[in-house]
Amino acid sequence: MNQKQDYKMAQGQGQANPKQRLVWSRSSEFVFTLLGYNIGLGMLWRFPYLCYRNGGGAFLVPFLFSCIVIAIPLYTFEIGLGQFTKRGRLGAWDRIPVMKGLGLASVVVALWCMVPYMLIMGWCIMFLFNSFTTGFLPWTTCDNIWNTNSCVAMFSNRGNFTNGNISFHSVNVTSVKNFMNVSVVNHTLPQVEFWRHKVLQVSSGFEDAGSKFNTTMFLFLLLAFVTVFMVTINGVKSSGKVVYFTATLPYVMLFVLLVRGLTLDGAWEGVKVFLNPKMEMLLKPSVWMEGISQAFYVYGLGFPGITAFGSYNKKKQDFFRQSVFIIPCGIVTSIIMGFVTFSILGNLAYTNNVEITSVIKSGPGLVFQVIPTALAQLPIPQLWSALFFLTLYFVAIDSAFGEFEGISTVIIDSFPCLGSTFKRRALTNCGLGLFFFSLCQILLTGPGIYWFELMNYYGASGICLIWIVTCESLAVGWLWDARKYRHDVTMMVGRTLPRVFDYCYKFIIPVITVTVLIMYCVEWEPLTIGDYVYPMWANVIGWMMSLSSILCVPIVAIVTLYKENGSIRQRFIAGKTSKLDFASFYHHDEEGKKGIFPATLNGDKLLKS
């Protein structure tokens, strides 16, 4: 098959034909893509600082509960939805037209998510660039141009610590503690100053908007966009090869960090905080909201990526078996990352003679300030730092690729001519990348990190994802009918889904998510990052970001029903009746023989193969 044939998409009304649609070259590419997406930024970057902010072990309770009860059935459904319809997130919901707003809402959330993701990739490149040095790593010393007089370095590369511009030889940990006899509450660690003054060039808040533009980060951000463009230029034909490497390297680095972290002095005090839940924290709705949404974030639930990946599967692929393999990987990897982060925090608290909660303020930069501390105490720290940030960079590529490909798939499904050839798809991806790059510019100003967290907290996670998942569960449970969905999957792949999924879709998931939504809205508090409390106008903007995706579902539903004819009941029946031509989708198998897939269409007559 040549390149033009490879990219030929179904024409007409935007319906993709499975015989012409791109597919994974091997099923292993699909599995490794899911694995890479699974161990993405939501796990290595977001999980540690949310766990730290929400009481360590207390955060694990809603997170693990959500992974088991909510993530497994919905993760299976989102992959199956793409494979079943052979469409991206938006087009796939033509299966239930009245709920097509779910596809649009997922795209909006992905748009808000892509902007922070791209900046994180820029951060990774900047740390990687600064790791290539034969001297001290710049975040381990206090004699750099960006350091202040309050900087106190606990360790540097070769067993030294520094105070201001003077270096002292470190004999042992006890002497360091006695000599310093300071708390990081009154002094600043060098990795914190590198993060705030070098990487972010952060201002004191939204009120201080006069800071200069971060030109250095602009160049690293440009490199990040070039990377994503090169990975996605050929769709799954190119990205499917990259994930073999990007999905496995993080596990190697995690093992190294785990061994090093647990062998540090004071590490197990940090581990106790991670494993020991503060029961009073479980009474806070925000802990449950962030714990549940983190499970969605780890597995990509509510985002367009998973459905897009599933749409490139062969129609008979056993996606359920692959899903069951991926879910435990996410849980285990998250827990390992928690051990790594809290063991290093325990070491920092032990060395500085302070409480673990006082070492570093929780926030989106926690990983970039904590992990380098452990790496700086390894032999040849420059090498280990370069390997870690290269790993984190690859992880960011996997995460950004998932959302980018999800959005790109929606665009191409809606306008098939944009993906009909290699050149057109490349131009489409380039235009999409330039759009995201322009949005990222606001994050390079002094208050950029505050805009970053506003988008991350309101636009790309939290109540948005919980709302989408709630509506999705109700859609498959009641409008598609969970029993009929299980039957469709059986006819497609020859496997029967667990019957308990029916109760999860219809009752368990909606009850849990709606309860959390109501409790969170009742006890809502303004967003904070470290000690900075966001002004009310910023929170209002944040809620507008959330509503930009939340309102997609009711607005599209109302418009869909309005366009139908007849009584309200007749309009509703028409609104939940599939608009997809499954007869042409699954009438033949790959060899051109008669297929075996009689799809049930919401009470309609059984289609005969």
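Within the set 284/563; 506/579; 316/576; 100/314; 212/272, which residue pairs have Cα atoms separated by over 32 Å?
Numbers: 284/563 43 Å; 506/579 23 Å; 316/576 25 Å; 100/314 24 Å; 212/272 42 Å.
In this structure, 284/563; 212/272 exceed 32 Å between Cα atoms.
Only residues of the range 497-540 count here: report those whose backbone N is under 17 Å from the spot 7 Å along Cα→Cβ of residue 483, or say none.
497-507
About its Cα centre, how strong a charge dipole does the range 262-388 have in debye, to the nearest 20, once Lys and Arg get +1 and Asp and Glu get -1 at the Cβ? Before the final figure, lay out each step's value.
Values: 8 positive and 6 negative charges, 125 e Å.
Dipole of the range 262-388, to the nearest 20 debye: 600 debye.
Can you compute the modelled spin-label distance between residue 215 and residue 335, with each label point 7 Å from Cα toward Cβ, in nm?
Using points 7 Å along Cα→Cβ, the separation is 5.0 nm.
Based only on the alpha carbon positions, what is the Kirkwood hydrodynamic radius of the range 407-477, in angstrom? Can you show the working numbers first?
Values: mean 1/r = 0.0672 Å⁻¹.
14.9 Å is the Kirkwood radius here.
For the range 455-526, would you read off the P(r) tail past 14 Å as a percentage of all alpha carbon pairs? All intermediate terms of the calculation are to be shown ahead of the outcome.
Working: 1663 of 2556 pairs.
When all Cα pairs of the range 455-526 are counted, 65 percent exceed 14 Å.
How would you rank 476-487, 449-460, highest first, on the average number of other Cβ atoms within 10 Å across their residues? Each step should come with its number before you reach the end.
Numbers: 476-487: 19.2, 449-460: 23.2.
The densest-packed peptide leads the list: 449-460, 476-487.
With each pseudo-label sitting 7 Å past Cα toward Cβ, what's the residue 519-residue 245 distance in nm, one decimal?
Spacing of the two 7 Å Cα→Cβ label points: 4.6 nm.
Name the residues whose placed amide hydrogens come within less than 5 Å of the amide hydrogen of residue 152, ignoring near sequence neighbours (fewer than 5 apart) on the same chain.
188, 189
Across the range 317-322, in residue order, what do the Karplus-derived ³J(HN,Hα) couplings come to in whole Hz, using 6.51 cos²θ - 1.76 cosθ + 1.60 with θ = phi - 60° and x for Gly and Pro?
Result, ordered by residue: 5, 7, 6, 5, 4, 5 Hz.
With viscosity set to 0.692 mPa s at 37 °C, what whole-number translational diffusion coefficient in µm²/s follows for the range 522-573 from Stokes-Einstein and a Kirkwood radius over Cα pairs? Please list the in-between numbers first.
Working: Rh = 14.0 Å.
Calculated translational D: 235 µm²/s.
Please turn the phi angles of the range 405-415 into ³J(HN,Hα) values with the Karplus equation 6.51 cos²θ - 1.76 cosθ + 1.60 (θ = phi - 60°), one per residue in order, whole Hz, x for glycine and proline.
5, x, 5, 4, 4, 4, 5, 5, 5, 6, 10
Tell me the label-point distance for the pair residue 511, residue 28, using the 7 Å Cα-to-Cβ offset, in nm and rounded to one decimal.
So the label points at residue 511 and residue 28 sit 4.4 nm apart.
May I ask you to order 269-276, 290-297 by the average number of other C-beta atoms within 10 Å around their residues, highest value first? Could the numbers behind the result be given before it?
On the way: 269-276: 18.9, 290-297: 26.1.
Top of the packing list down: 290-297, 269-276.
In whole Hz and in residue order, list the ³J(HN,Hα) couplings for the range 136-142 that follow from phi through the Karplus curve 6.51 cos²θ - 1.76 cosθ + 1.60, θ = phi - 60°; x for Gly and Pro.
5, 5, x, 8, 10, 10, 10
What FRET efficiency, computed as 1/(1 + (r/R0)^6) with R0 = 30 Å and r the Cβ-Cβ distance, is obtained for residue 358 and residue 275, rounded to the nearest 0.05? Let's see the in-between values first.
On the way: r = 20 Å, r/R0 = 0.66.
It comes to 0.90.
Can you give me the long-range amide H partners of residue 136? Hydrogens built in the peptide plane at 1.01 Å from N, cutoff under 5 Å, separation of 5 or more residues or another chain.
Placed amide hydrogens put nothing under 5 Å from residue 136.
By how many nm would the segment from residue 316 to residue 149 grow when fully extended, if each residue of separation counts as 0.36 nm and the alpha-carbon distance is taken off? Mind showing how you got there, number by number?
Details: separation 167, 0.36 × 167 = 60.12 nm, distance 6.44 nm.
Contour length minus Cα-Cα distance gives 53.7 nm.
Over all directions, how big on average is the projection of the convex hull of the alpha-carbon atoms in the range 309-377, in square nanometres? Spell out each step's value before the answer.
Numbers: hull surface 27.2 nm².
So the mean shadow area of the Cα hull is 6.8 nm².
With +1 on the Cβ of every Lys and Arg and -1 on the Cβ of every Asp and Glu, and nothing else charged, how large is the dipole of the range 244-294 about its Cα centre, in debye rounded to the nearest 20?
On the way: 4 positive and 4 negative charges, 10 e Å.
Dipole magnitude for the range 244-294 comes out near 40 debye.
Every number in this text was worked out from the coordinates using simple rules, so none of it is lab data. All values reported here derive from a predicted model rather than from experimental measurement. With ideal geometry, Cβ positions are generated from the backbone for all residues, glycine too; neighbour counts draw on all protein chains shown.
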